[in-house]
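One structure below.
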Amino acid sequence: MATMIIEGDRTKAASGKTYEVRNPATGEVVDEVPAGGSADVDKAAQAAAKAFTTWSKLPANQRREILHKASQHMLSKVEEIAPVLTKEQGKTLLESRLEARRFGENIGWFADLADKIHGQYVRLPDLTTYGLVVRRPIGVCGAIVPWNFPLTLAANKVAPAIAAGNTVVLKPASTTPLATLLCIEALIEGGLPEGVVNVVLGQATGEAIVAHPLIRKIALTGSTPTGKRVMAKASENLKKVTLELGGSDPCIVLDDADLEGAARAISVGRFFNCGQQCLSTKRLYVQEGAYDALMEKLVARAAKLKPGNGLDKDSRMGPMHTETQRAEVEAQLKDALDRGAKVVFGGGRPEGSEYERGWFIEPTIVENVPDGARMWTEEVFGPALPVRKIKDLDEGLRLANDTQFGLGSSIWTANMAAAHRAVQELEAGYTWVNSIVIAHDELPFGGTKQSGFGKEHGVEAFLQYTEEKSVVYGGV
């Protein structure tokens with residue numbers, strides 16, 4: 001049975017309760033894990049606070065070296081970690097390998113920033129004094145991570161936090177804790193001190209993290225309603241909050257676009273990880289002259305995405321993570337069809353005995369989806385893509401911005417004036433121009449509108465795990 005990681009302990013829940021983690025492709029039990037609660041979070045927060053007193057005072061170059069060594073050790077374990085991620089989450093083994101590598105690489109990328117915290121020197125009116133602005137770590141940080149990219153989204157929070165000198169209480173999603181535990185264990189084996197990152201499990205631990213008085217910052221990736229609840233609870237103790245929430249990212253394709261490149265990017269952006277991505281192509285607007293050719297290319301790519309068990313080398317798309325999530329996507333699709341939409345490809349569940357016990361669904365492309373349909377107004381968190389024909393860029397921008405969300409966006413065009421206008425006018429935290437939808441460590445990532453606030457990735461994320469302090473030196 002897997003255990004939580006709290007300082008030097010590999011521990012069960014204080015209550016003794018457990019629950020099962022099941023494979024979404026087969027329904028089989030992968031492992032049994034502790035169902036932690038507030039007592040376990042308290043123990044983890046105390047351990048993190050204790051570790052902070054030493055970790056935060058280490059010379060920054062020593063933290064950098066420790067994190068590089070730990071990340072390299074973790075990367076040596078990718079082939080052990082990836083199958084576990086596939087079994088608990090459902091994604092293909094290729095996708096799991098990529099994600100496990102991203103975890104280690106993210107730790108290493110932020111390690112390079114550990115000794116590059118810069119402050120300011122400020123001249124003051126009284127010439128016998130001068131001012132400094134220094135940056136200090138915040139303290140104990142809470143990280144709450146969903147199930148769709150459990151390793152990537154954990155690293156987004158853990159890496160900048162510990163590089164800046166903070167310590168962490170990490171809660172993986174209840175259904176995907178196992179690969180995360182292996183990653184943190186590998187970091188510790190590689191030299192990360194015990195207590196710097198503590199892992200608690202179970203649904204009840206999330207609320208306890210948000211409420212715990214020793215935890216001074218909360219970083220959450222989740223749905224918009226969950227983000228609002230976390231923000232409200234965190235406000236009771238005036239905690240710092242970073243929220244990466246839901247999205248319904250638009251993609252605009254104009255007549256002059258590279259359609260082969262656009263089709264490839266849209267297919268990856270919509271169907272990677274069975275479409276279960278926050279930052280993902282979820283609404284497609286295609287100019288009339290490019291519509292038929294692009295649809296043909298998209299259908300051809302969707303036809304190659306064979307659903308199957310993620311451990312099967314022939315599978316190109318794993319199952320959805322839960323029965324509830326599949327039912328939600330199917331309900332959104334039914335709503336569109338009831339309103340007159342037309343399925344261009346997919347639209348159902350794959351047939352065959354190998355699909356009977358898992359939450360499989362076909363990659364789906366839908367056109368003629370009318371205004372007001374759920375596929376336009378809600379986040380579609382699965383492999384279903386609504387497509388609409390547009391007359392021009394004006395119409396595309398109007399429709400793209402007609403949403404409560406503002407996470408990502410993209411445009412495909414050879415006209416750089418049109419691209420520049422889209423960059424300026426698309427209401428989103430990220431815009432890709434003629435490029436595949438991939439977030440880069442080097443660039444800040446975060447949303448606007450109902451997609452949250454605060455940044456992950458980039459120097460900006462690192463700085464958001466520090467606090468500025470003003471200092472006045474007198475008598476000089």
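Can you tell me which residues in region 236-269 are of a type in the set (A, V, I, L, M), open to solvent by 10 Å² or more (accessible area, probe 1.4 Å) and assigned to a helix (DSSP H, G or I)?
Within region 236-269, Leu259, Val268 qualify.
Being farther than 17 Å from Gln276 by Cα, free of Cβ contacts under 8 Å to residues at least 40 places away in the same chain, in contact with a Pro (Cβ under 8 Å, 6 or more places away or on another chain) and not β-branched (Val, Ile, Thr): is that true of Gly352 here?
No; evaluated as a whole, the condition is false for this residue.
Among (1) within 16 Å of Pro383 (Cα to Cα); (2) within 26 Å of the chain's Cα centre (by Cα); (3) open to solvent by 40 Å² or more (accessible area, probe 1.4 Å), where does Arg349 come up short?
(2)
Out of all the residues in region 174-195, is one or more within 22 Å of Gly382 (Cβ to Cβ), free of Cβ contacts under 8 Å to residues at least 40 places away in the same chain and not small (Gly, Ala, Ser)?
Looking through region 174-195, none of the residues is within 22 Å of Gly382 (Cβ to Cβ), free of Cβ contacts under 8 Å to residues at least 40 places away in the same chain and not small (Gly, Ala, Ser).
Only one of these is in contact (Cβ under 8 Å) with a residue 40 or more places away in the chain and within 15 Å of Ser280 (Cα to Cα): Gly446, Gly454, Gly429. Name it.
One residue alone meets the criteria, Gly446.
Test Thr281 against the criterion of being open to solvent by 10 Å² or more (accessible area, probe 1.4 Å) and of a type in the set (S, T, N, Q), and give yes or no.
Considered against the rule, which asks whether it is open to solvent by 10 Å² or more (accessible area, probe 1.4 Å) and of a type in the set (S, T, N, Q), Thr281 comes out as no.
Going by the structure shown, is Val344 surrounded by fewer than 19 Cβ atoms within 10 Å (Cβ to Cβ), touching an Asp or Glu at 6+ places or on another chain (Cβ under 6 Å), among the aliphatic types (A, V, I, L, M) and not in a loop (DSSP other than H, G, I, E, B)?
yes
Among the residues in region 398-410, are any open to solvent by less than 20 Å² (accessible area, probe 1.4 Å), assigned to a strand (DSSP E or B) and more than 30 Å from Ala164 (Cβ to Cβ)?
yes
Sort out which residues of region 376-397 are crowded, with 24+ Cβ neighbours inside 10 Å and in a helix (DSSP H, G or I), and write them in order of number.
Gly396
Quick one: Leu75 ticks every box in (1) touching a Gly at 6+ places or on another chain (Cβ under 6 Å); (2) in contact (Cβ under 8 Å) with a residue 40 or more places away in the chain; (3) not charged (D, E, K, R) bar one, so which box is it?
That leaves (2) as the condition not met.
Which condition number does Lys313 fail, the rest of (1) buried (at least 17 other Cβ atoms within 10 Å of the Cβ); (2) over 14 Å from Cys274 (Cα atoms) being met?
Among (1) buried (at least 17 other Cβ atoms within 10 Å of the Cβ); (2) over 14 Å from Cys274 (Cα atoms), Lys313 violates only (1).
Just one of the numbered conditions (1) among the charged types (D, E, K, R); (2) in contact (Cβ under 8 Å) with a residue 24 or more places away in the chain; (3) touching a Lys or Arg at 6+ places or on another chain (Cβ under 6 Å) is not true of Lys306; which one?
Lys306 satisfies all of (1) among the charged types (D, E, K, R); (2) in contact (Cβ under 8 Å) with a residue 24 or more places away in the chain; (3) touching a Lys or Arg at 6+ places or on another chain (Cβ under 6 Å) except (2).
Quick one: count up the residues across region 1-53 that are small (Gly, Ala, Ser), under 30 Å from Arg63 (Cβ atoms) and out of contact with any helix residue (DSSP H, G or I) (no Cβ under 7 Å at 6 or more places or on another chain).
7
Suppose we keep only residues that are surrounded by fewer than 16 Cβ atoms within 10 Å (Cβ to Cβ), touching a strand residue (DSSP E or B) at 6+ places or on another chain (Cβ under 6 Å) and not β-branched (Val, Ile, Thr) within region 1-57. Which one would you say is farthest from Gly318 (Cα to Cα)?
Met1
I'd like the full set of residues that are touching a Phe, Trp or Tyr at 6+ places or on another chain (Cβ under 7 Å) and among the acidic types (Asp, Glu), limited to region 308-327.
Selection gives Glu323 alone.
Inside region 72-84, can you point out the residues that are open to solvent by less than 10 Å² (accessible area, probe 1.4 Å) and more than 15 Å from Asn106 (Cβ to Cβ)?
Result: Ala82, single match.
Test of understanding: among Ala290, Ala300, which residue is assigned to a helix (DSSP H, G or I), open to solvent by less than 20 Å² (accessible area, probe 1.4 Å), at pLDDT 95 or above and among the small types (Gly, Ala, Ser)?
Ala290
Report, by residue number, each residue of region 464-476 that is of a type outside the set (Ser, Thr, Tyr) and over 17 Å from Ile218 (Cβ atoms).
Selection gives Glu468, Lys469, Val471, Val472, Gly474, Gly475, Val476.
Of the numbered conditions (1) in contact (Cβ under 8 Å) with a residue 24 or more places away in the chain; (2) under 18 Å from the mean Cα position of the chain (by Cα); (3) in a loop (DSSP other than H, G, I, E, B), Ala414 satisfies every one except a single condition; which is it?
(2)
Among the residues in region 319-333, are any among the small types (Gly, Ala, Ser), touching a residue at least 24 places away in the same chain (Cβ under 8 Å) and open to solvent by less than 10 Å² (accessible area, probe 1.4 Å)?
No, region 319-333 has no match at all.
Name the pairs whose Cβ atoms lie under 8 Å apart, with the first residue in region 268-296 and touching a residue at least 60 places away in the same chain (Cβ under 8 Å) and among the acidic types (Asp, Glu), the second part of a loop (DSSP other than H, G, I, E, B) and open to solvent by 20 Å² or more (accessible area, probe 1.4 Å), and 6 or more positions between them or separate chains?
Glu288/Asp255; Glu288/Lys391
When region 98-115 is examined, which residues are found to be over 21 Å from Phe272 (Cα atoms) and hydrophobic (A, V, I, L, M, F, W, C)?
Of everything in region 98-115, those that are over 21 Å from Phe272 (Cα atoms) and hydrophobic (A, V, I, L, M, F, W, C) turn out to be Ile107, Trp109, Phe110, Ala111, Leu113, Ala114.
Can you run down the residue pairs with Cβ atoms below 6 Å, 6 or more apart or on separate chains, where the first is in region 113-130 and farther than 21 Å from Pro160 by Cβ and the partner is not hydrophobic (A, V, I, L, M, F, W, C)?
Val122/Gly131; Leu124/Tyr130; Leu124/Gly131; Thr129/Gly474; Tyr130/Tyr473
The values are calculated or read from the model by the stated rules, or taken from the named source; none is laboratory data. All figures in this text were calculated on a predicted structure; none of them were measured in a lab. All Cβ positions, glycine included, derive from the backbone under ideal geometry; neighbour counts span all protein chains shown. For the accessible areas, the whole protein counts, side chains as well, though only heavy atoms, and no ligand, DNA or RNA atoms are used. Shrake-Rupley method; radii C 1.70, N 1.55, O 1.52, S 1.80 Å.
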